[in-house]
Amino acid sequence: MPVPETTRLLHELEGTVEENLNRHLAAAQEWMPHEYVPWSQGRDFAELGGEAWDPEQSRVTPIARTALEVNLLTEDNLPSYHREIERAFGRDGAWGTWVHRWTAEEGRHGICIRDYLLVTRAVDPVELERMRMETMQAGYDTGDKPLLNVCAYVSFQELATRLSHRNTGRYTQDPLAERLLARVSTDENLHMVFYRNLVKAALEISPDAMMRAITDEVLNFAMPGAVIPSFARKAALMAKAGIYDLRIHHDDVVQPLLRYWKVFDLTGLGAVGEAAREELATFIKGLDTQASRFEERRDATAARRAARGIVDL
């Protein structure tokens with residue numbers, strides 16, 4: 001009886017998973033979420049006889065608040081992400097060990113970001129909780145993506161999330177927020193490296209299938225936070241502010257990974273792999289053009305608003 005393709009890949013990649021799991025455990029530094037939260041700034045809200053939240057209490061700009069909310073709500077959907085990763089990778093051996101380690105590390109992110117936001121009164125706590133409920137009830141579903149597609153997607157997604165956190169921290173102009181989100185970004189980068197290395201190994205084992213998966217995930221990429229209420233509007237505000245836009249996606253997410261995998265230098269592809277690579281090259285060219293047009297429109301709009309004395313916050 002022939003071995004199912006997914007079973008074969010799980011078995012052949014097991015050594016790579018174990019090697020990179022050990023590398024990750026050696027590189028990852030223990031850190032404590034509570035050490036990144038300015039607890040002395042906290043005080044009771046109205047229900048405990050304190051003061052209700054008011055926008056004037058927030059020290060960050062409206063766009064920074066939006067970015068912080070999006071980043072936190074994205075992290076909040078961890079139960080769905082765990083389900084999808086476990087479905088693809090399984091619970092056995094090094095695969096299962098990685099799934100649970102990854103989940104445990106990701107869990108810290110939502111804890112410390114939420115604590116920071118509530119203690120500093122950076123965002124409306126009632127609105128934040130309602131959005132959390134709505135986001136988690138919507139959940140996240142990969143649509144039963146094949147193993148190689150999951151590996152490709154999370155490589156891009158982890159790097160994109162890292163940049164979103166890092167750039168949000170800088171945009172807040174709050175040293176505490178920047179320190180916290182830089183710490184979270186370090187985790188995300190280590191996770192990206194793990195998945196990136198899996199893809200590299202898979203290109204050697206099943207080059208055509210992996211190339212097809214990379215192409216599919218680049219062409220259809222969407223951030224996991226897309227289920228957040230009003231995500232399109234919020235993502236547009238973040239793009240306008242330069243926190244995460246098409247240029248960042250092209251230059252700092254897609255291209256670095258494609259270069260690392262040597263996608264356009266790879267030899268030995270069959271017809272399926274070559275077709276996928278050609279499709280990818282065409283798409284990347286178009287993405288670069290779109291990014292340039294977006295930058296031109298944004299710069300022109302900013303110049304007009306500046307001429308009229310309008311300052312975006």
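The values are calculated or read from the model by the stated rules, or taken from the named source; none is laboratory data. Keep in mind that what you see is a predicted model, and the values were worked out from it rather than measured. Backbone-built Cβ (ideal geometry, glycine too); neighbour counts: all protein chains shown.
Among the residues of region 218-255 satisfying the criterion of being in contact (Cβ under 8 Å) with a residue 60 or more places away in the chain and charged (D, E, K, R), which is surrounded by the most Cβ atoms within 10 Å (Cβ to Cβ)? Top of the filtered list is Lys234. Within region 243-267, being under 16 Å from Cys151 (Cα atoms), assigned to a helix (DSSP H, G or I) and more than 16 Å from the chain's Cα centre (by Cα) holds for Leu258, Tyr260. Checking Ala213, Ala281 one by one, the residue that is over 18 Å from the mean Cα position of the chain (by Cα), in contact (Cβ under 8 Å) with a residue 12 or more places away in the chain and closer than 13 Å to Ala152 by Cα is Ala213 and no other.
For region 180-216, a residue qualifies if it is farther than 14 Å from Gly268 by Cα and among the aliphatic types (A, V, I, L, M), and the qualifying residues are Leu180, Leu181, Ala182, Val184, Leu190, Met192, Val193, Leu198, Val199, Ala201, Ala213, Ile214. Filter region 63-113 for residues that are among the basic types (Lys, Arg) and in contact (Cβ under 8 Å) with a residue 40 or more places away in the chain and give the result. Passing the criteria: Arg65, Arg87, Arg101, Arg108.
Looking at (1) under 20 Å from the mean Cα position of the chain (by Cα); (2) loosely packed, with under 10 Cβ neighbours inside 10 Å, find the lone condition where Pro33 falls short. Going through (1) under 20 Å from the mean Cα position of the chain (by Cα); (2) loosely packed, with under 10 Cβ neighbours inside 10 Å one by one, Pro33 breaks only (2). Listed by position, the helices (runs of 4 or more DSSP H) enclosed by region 73-175 that each have at least 2 residues that are surrounded by fewer than 17 Cβ atoms within 10 Å (Cβ to Cβ) and modelled with pLDDT of 95 or more are 78-89, 93-119, 125-138. Entry remark, region 275-313: residues being in a helix (DSSP H, G or I), of a type in the set (Gly, Ala, Ser) and exposed (fewer than 15 other Cβ atoms within 10 Å of the Cβ) number 8 in total. Considered as a group, the residues in region 42-62 that are of a type in the set (A, V, I, L, M) and either in contact with a Lys or Arg (Cβ under 8 Å, 6 or more places away or on another chain) or exposed (fewer than 14 other Cβ atoms within 10 Å of the Cβ) (or both) include one that is farthest from Thr161 (Cα to Cα), and that residue is Leu48. Of all the residues in region 157-199, those that are aliphatic (A, V, I, L, M), farther than 17 Å from Ala67 by Cα and within 16 Å of the chain's Cα centre (by Cα) number 3.
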